[in-house]
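Visitor: Let me give you the structure first, and then I'll get to my questions.
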Amino acid sequence: MSGLFLYALTKLPVGGRHRRRRSAGFQPARLALQLISATALILFLTAGCLAGEQALPPDQALAKAAARGDSILKDVNATPDTAAPPVPAETPAKPNDVSFWYFEHPIYSSLLSRPETLAAFRDAHPGVTLSSQFIGEWNIAVQKFTVTVAAGDLPDVALVKRPWFERLVRSGRIAALDTVLPPALVDDLRKPSRDALTVNGRLYAMPADGFCSVLYFNRDLVGETAPRTWDELKTAAAKLSNQGPSTGKDRIIPIGDLPFLETLWSANGELVKGARSGMSDPEAREALDFLLGLRTAGLADPGVLGNTERAFNLFEAGRVAMTVASSEHLSRAQKCGLKVGVAPVPGKTGPLSLLSENVIVVFNRYAAAKRSSLAGVLDFLTGPTLQGATAAERGSAPVRTSAMPPTFLPGLDQAYQLGRATPLSPRWNEIQFETMRYVQLAYLWNPVKR
């Protein structure tokens, strides 16, 4: 549901853009005015408008994905953003008070609700008051953000998703954090997160966590060493396919889900190539052919491939030997009773992973006046208390060097260090949604009668 809501939000104007019209600048009231349209779009999507579509041959699926992506990008490029007016700095009545809004999150929702966590903050930062406010699941929280942006009644700090981060950077509503944070704190950020949140040489956000996509593998079935390349993955899967029953409820599915995006990236492909879709490039066909080859060879089930949650459920049940999912699932994996290993996602010539979309931003309104207090809050939110050993146990790699616990799951840290973030491209979610819609139809296409 949250993914569909993000897709719907790509229809909303941010940073002065309106479809087929040029705005005179950032007009936040339009966000609230079009919220009803976004909600209607969600209902349209969830009502099953995509259900029952016919499976497509790979070349047709990619051609349709490319055409849809090109159409979206043409619309974006035809209506460029105008410069947003600068947000005037204000003097707060209480410069040592910092408000933090966060949506449902595996770390913040749990730890910030505990009195001992807030006591730890007060001990570390006496004189600074942190007011944390939980605002629901992201699909609910984003509605609140939409309304508050329109009203100008914003918190000091907020947890947002990466697509909103991209829009906030363009809107001029958030502060460049290298003007707020002490250099030592910026330097303490580990490279994957720092690179993912730097725009035009300026750091505009802090990483909210170190979650990333990982390969979960059953060590009793796969062994102690995870595959790192496409060839190694196919070899390991083929070995499993030759063991045990090939049909029925006792059959072991070698591969559950292997995401198209990471597969495409590992083939040096991109969903977006500048002002056009990358789905017409040979790298896209190579990535799709590899995934379809796994399906055709019986190494991946077409009913599971592309369905991360179903694949992980089967992994927990011992029916799938290897599958890719967010490291947020680590706690579940460790409780399922299997000997579970974790590693980066296998790629064409080497592994890689996808970084989390959760980021922390500081709004401009009081950023200058609250610089010292904000630095203390951001230090706390990304430091050892919240992002150390407890977060690592939940599958979040430490985002700062100083937060590294004494012992840490090597495969998870390798995945984080090889992590890549989605590009900060306008309407990225819509392009990704449409691409995966057609890729899924290609997964279901099989001319061979069984």
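Visitor: In contact with a strand residue (DSSP E or B) (Cβ under 9 Å, 6 or more places away or on another chain), of a type outside the set (Asp, Glu), over 30 Å from Gly337 (Cα atoms) and at pLDDT 95 or above: is that true of Leu233 in this structure? Before the answer, list the steps.
Guide: Values: in contact with a strand residue (DSSP E or B) (Cβ under 9 Å, 6 or more places away or on another chain): yes; of a type outside the set (Asp, Glu): yes; over 30 Å from Gly337 (Cα atoms): no; at pLDDT 95 or above: yes.
Considered against the rule, which asks whether it is in contact with a strand residue (DSSP E or B) (Cβ under 9 Å, 6 or more places away or on another chain), of a type outside the set (Asp, Glu), over 30 Å from Gly337 (Cα atoms) and at pLDDT 95 or above, Leu233 comes out as no.
Visitor: Scan region 423-431 and give yes if some residue there is hydrophobic (A, V, I, L, M, F, W, C) and under 30 Å from Pro57 (Cβ atoms), otherwise no.
Guide: Looking for residues that are hydrophobic (A, V, I, L, M, F, W, C) and under 30 Å from Pro57 (Cβ atoms), one finds at least one in region 423-431, hence yes.
Visitor: Another question, then. Which members of region 317-371 meet the condition of being among the polar types (S, T, N, Q) and at pLDDT below 95?
Guide: Ser331, Gln334, Asn364
Visitor: For region 64-91, give me the residue count where each residue is of a type outside the set (S, T, N, Q) and either surrounded by fewer than 16 Cβ atoms within 10 Å (Cβ to Cβ) or at pLDDT below 75 (or both). Even if it seems obvious, please write down each step before you answer.
Guide: If we filter region 64-91 for residues that are of a type outside the set (S, T, N, Q), which is where we start, we get 64-70, 72-76, 78, 80-81, 83-90.
Filter once more, keeping what is either surrounded by fewer than 16 Cβ atoms within 10 Å (Cβ to Cβ) or at pLDDT below 75 (or both): 67, 74-75, 78, 80-81, 83-90.
The total comes to 14.
Visitor: Yes or no: Asp231 outside the structural domain of Thr390 (by TED's automatic domain parsing) and out of contact with any helix residue (DSSP H, G or I) (no Cβ under 9 Å at 6 or more places or on another chain)?
Guide: yes
Visitor: Can you confirm whether region 424-436 contains a residue that is outside any helix (DSSP H, G or I), basic (Lys, Arg) and modelled with pLDDT of 95 or more?
Guide: no
Visitor: Regarding Val342, is this residue in contact with a Leu (Cβ under 6 Å, 6 or more places away or on another chain), in the same structural domain as Lys239 (by TED's automatic domain parsing), buried (at least 20 other Cβ atoms within 10 Å of the Cβ) and among the hydrophobic types (A, V, I, L, M, F, W, C)?
Guide: Values: in contact with a Leu (Cβ under 6 Å, 6 or more places away or on another chain): yes; in the same structural domain as Lys239 (by TED's automatic domain parsing): yes; buried (at least 20 other Cβ atoms within 10 Å of the Cβ): yes; among the hydrophobic types (A, V, I, L, M, F, W, C): yes.
Yes; evaluated as a whole, the condition is true for this residue.
Visitor: Here is a further query. For region 192-234, give me each residue that is within 24 Å of Glu393 (Cα to Cα), hydroxyl-bearing (Ser, Thr, Tyr) and free of Cβ contacts under 8 Å to residues at least 60 places away in the same chain.
Guide: Scanning region 192-234 gives a single hit, Thr225.
Visitor: Still on this structure: Tally up the residues in region 156-174 that are part of a loop (DSSP other than H, G, I, E, B) and modelled with pLDDT of 95 or more, please.
Guide: 1
Visitor: If a residue has to be in contact (Cβ under 8 Å) with a residue 40 or more places away in the chain, part of a loop (DSSP other than H, G, I, E, B) and not hydrophobic (A, V, I, L, M, F, W, C) to count, how many in region 404-420 make the cut?
Guide: Residues meeting the conditions: 0.
Visitor: I'd like to know if region 189-198 contains one or more residues that are of a type outside the set (Asp, Glu), touching a Phe, Trp or Tyr at 6+ places or on another chain (Cβ under 6 Å) and over 22 Å from Pro426 (Cα atoms).
Guide: No, the conditions are met nowhere in region 189-198.
Visitor: Yes or no: region 181-190 includes at least one residue that is over 26 Å from Met404 (Cα atoms), crowded, with 20+ Cβ neighbours inside 10 Å and of a type outside the set (D, E, K, R).
Guide: Checked against the condition, which is being over 26 Å from Met404 (Cα atoms), crowded, with 20+ Cβ neighbours inside 10 Å and of a type outside the set (D, E, K, R), region 181-190 yields no hits at all.
Visitor: Do you know which residues across region 352-379 are crowded, with 23+ Cβ neighbours inside 10 Å and assigned to a loop (DSSP other than H, G, I, E, B)?
Guide: Ser356, Tyr366, Lys370
Visitor: Can you tell me how many residues in region 385-399 are touching a helix residue (DSSP H, G or I) at 6+ places or on another chain (Cβ under 6 Å) and in a loop (DSSP other than H, G, I, E, B)?
Guide: Within region 385-399, residues that are touching a helix residue (DSSP H, G or I) at 6+ places or on another chain (Cβ under 6 Å) and in a loop (DSSP other than H, G, I, E, B) number 6.
Visitor: Still on this structure: Return the pair list, or none, for Cβ contacts closer than 6 Å from residues in region 324-344 that are of a type in the set (D, E, K, R) to residues that are not in a strand (DSSP E or B), at least 6 apart or on different chains.
Guide: The qualifying pairs are Glu328/Pro106; Glu328/Phe211; Glu328/Gly395; Lys339/Arg219; Lys339/Asp220.
Visitor: Could I ask something else about it? Given the condition touching a Leu at 6+ places or on another chain (Cβ under 7 Å) and in a helix (DSSP H, G or I), answer yes or no: does some residue in region 225-233 qualify?
Guide: Scanning region 225-233 turns up no residue that is touching a Leu at 6+ places or on another chain (Cβ under 7 Å) and in a helix (DSSP H, G or I).
Visitor: For region 113-140, which positions are in contact with a Leu (Cβ under 7 Å, 6 or more places away or on another chain) and over 21 Å from Lys370 (Cα atoms)?
Guide: Thr117
Visitor: Right, here's the next one. Of all strands (runs of 3 or more DSSP E) completely enclosed by region 252-345, which ones contain at least 2 residues that are within 21 Å of the chain's Cα centre (by Cα) and polar (S, T, N, Q)?
Guide: So the answer is 320-326.
Visitor: Something else now. Could you tell me whether region 327-334 includes any residue that is touching a Gly at 6+ places or on another chain (Cβ under 7 Å), surrounded by 22 or more Cβ atoms within 10 Å (Cβ to Cβ) and of a type in the set (S, T, N, Q)?
Guide: yes
Visitor: Then there is this: Considering region 391-450 alone, what residues qualify as being in contact with a Lys or Arg (Cβ under 7 Å, 6 or more places away or on another chain), closer than 17 Å to Leu189 by Cβ and of a type in the set (D, E, K, R)?
Guide: Of everything in region 391-450, just one residue is in contact with a Lys or Arg (Cβ under 7 Å, 6 or more places away or on another chain), closer than 17 Å to Leu189 by Cβ and of a type in the set (D, E, K, R), namely Arg400.
Visitor: Which one is nearest to Glu309 (Cα to Cα) among residues in region 187-220 that are in contact with a helix residue (DSSP H, G or I) (Cβ under 6 Å, 6 or more places away or on another chain) and β-branched (Val, Ile, Thr)?
Guide: Per the criteria, the residue is Val214.
Visitor: Hey, another quick one. Could you pull out the residue among Val142, Val147 that is touching a residue at least 60 places away in the same chain (Cβ under 8 Å), surrounded by fewer than 17 Cβ atoms within 10 Å (Cβ to Cβ) and either in a strand (DSSP E or B) or of a type in the set (Val, Ile, Thr) (or both)?
Guide: Unique residue meeting the criteria: Val147.
The values are calculated or read from the model by the stated rules, or taken from the named source; none is laboratory data. All of these numbers come straight from a predicted model, not from anything done at the bench. Cβ atoms come from the backbone with ideal geometry, glycine included; neighbour counts cover every protein chain shown.
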